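Notes follow the structure.
The values are calculated or read from the model by the stated rules, or taken from the named source; none is laboratory data. Worth saying up front: this structure is predicted, and the values here are computed from it rather than measured. FYI the Cβ positions are ideal-geometry reconstructions off the backbone, even for glycines, and counts take in every protein chain you see. Accessible surface is based on the protein model in full, side chains and every heavy atom, while ligands, DNA and RNA are left aside. Shrake-Rupley method; radii C 1.70, N 1.55, O 1.52, S 1.80 Å.
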Amino acid sequence: MSRKLVVGNWKMNLTLEQSKELIQDVVGRVPFHSYIVIAPPVAYLHPLKEFIVGKKNVHLAAQNVHHEEFGAFTGELSAPMLASLGVEYCIVGHSERRTHFKEKNETLAQKITQLLNHEITPIYCVGETLEQREKGRTFEVIKKQLKEALFHLEPEQIEQVIIAYEPVWAIGTGKNATPEQAEEVHSFIRKYIANKYGEDIASEIPILYGGSINASNASALFSQPNIDGGLVGGASLNAEDFIQIIKANFPN
Ligand code: PGA
């Protein structure tokens, strides 16, 4: 797994036709030495596969997975189903899912295990709300999110996980964390993982920043020592902006 990467989260946007146009546009311009992951709406994962054939630097992700393997869960999708579609990555615990779908760390822990059992790399999201930050609770919140959803994993399993720090107050608000604010939390996350699993493992785990990344703030964020890349929402819906962001993490 590459420690440096850029992930585009399309959320619940675009028609199938629009998504085909966008992925073609992105794939045609992505620098050869970059590593990107695109998370389209789940129904498009299969039809979009043909556009990334032979592209070793472009991969697909699901935006969610169910925590059980199969069964009577109308409307849901499981890890083995994603694996059968050839999906390599899956976002877990995005703050929109925590908020709107009441996802709890315990369930997220199960989702992560399911994904790893089926050789899909989880992209696990953590982050504090504005209120929690203002009350000085950021580190405590992040610790709990990491501990309760990841610390049941064996060392060889956590090595397969990507972490995304996404302060809730920065998502879709146009108000990104400053590079210093983000770096402070990223280095805290790496140290916390190191305490439990050791420096060697912690130093290999990609930690992405997410929350209002755009073409102008990406370079400053990615130049921080513990920011390995980005989880990009809004700006990933525009090929031009997304390519600029990718180039910021993979300069020539
Ligand atoms: P944003 O979303 O880039 O639109 O702020 C980021 C995310 O939700 O992953």
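Values computed for the structure shown
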quantity	calculated
Among residues of the stretch 76-130, those that are among the hydrophobic types (A, V, I, L, M, F, W, C) and either touching a strand residue (DSSP E or B) at 6+ places or on another chain (Cβ under 6 Å) or closer than 18 Å to Lys147 by Cα (or both), counted	14
Single residue of the stretch 177-211 satisfying the filter (part of a loop (DSSP other than H, G, I, E, B) and more than 16 Å from the chain's Cα centre (by Cα)) that is farthest from Leu130 (Cα to Cα)	Gly198
Given (1) in a helix (DSSP H, G or I); (2) open to solvent by less than 70 Å² (accessible area, probe 1.4 Å), number of the condition Met81 does not satisfy	(2)
Set Leu48, Leu22: member being in contact (Cβ under 8 Å) with a residue 60 or more places away in the chain, more than 14 Å from the ligand (Cβ to nearest atom), farther than 20 Å from Gln160 by Cβ and touching a helix residue (DSSP H, G or I) at 6+ places or on another chain (Cβ under 9 Å)	Leu22
Within the stretch 212-232, tally of residues that are within 27 Å of Gln157 (Cα to Cα) and assigned to a loop (DSSP other than H, G, I, E, B)	5
Cβ pairs under 7 Å, 6+ apart, first in the stretch 199-214 and touching a residue at least 12 places away in the same chain (Cβ under 8 Å), second part of a helix (DSSP H, G or I) and within 9 Å of the ligand (Cβ to nearest atom)	Gly211/Ala170; Ser212/Ala170; Ile213/Ala235; Asn214/Ala235
Candidates Glu69, Glu128, filtered to the one that is open to solvent by 30 Å² or more (accessible area, probe 1.4 Å) and more than 13 Å from the ligand (Cβ to nearest atom)	Glu69
Of residues in the stretch 51-66 being within 18 Å of the chain's Cα centre (by Cα) and either more than 18 Å from Ser84 (Cα to Cα) or not small (Gly, Ala, Ser) (or both), the one surrounded by the most Cβ atoms within 10 Å (Cβ to Cβ)	Val65
Members of the stretch 200-238 that are of a type in the set (Gly, Ala, Ser), open to solvent by 10 Å² or more (accessible area, probe 1.4 Å) and away from the ligand (no atom under 15 Å from the Cβ)	Ser203, Ser219, Ala220, Ser223
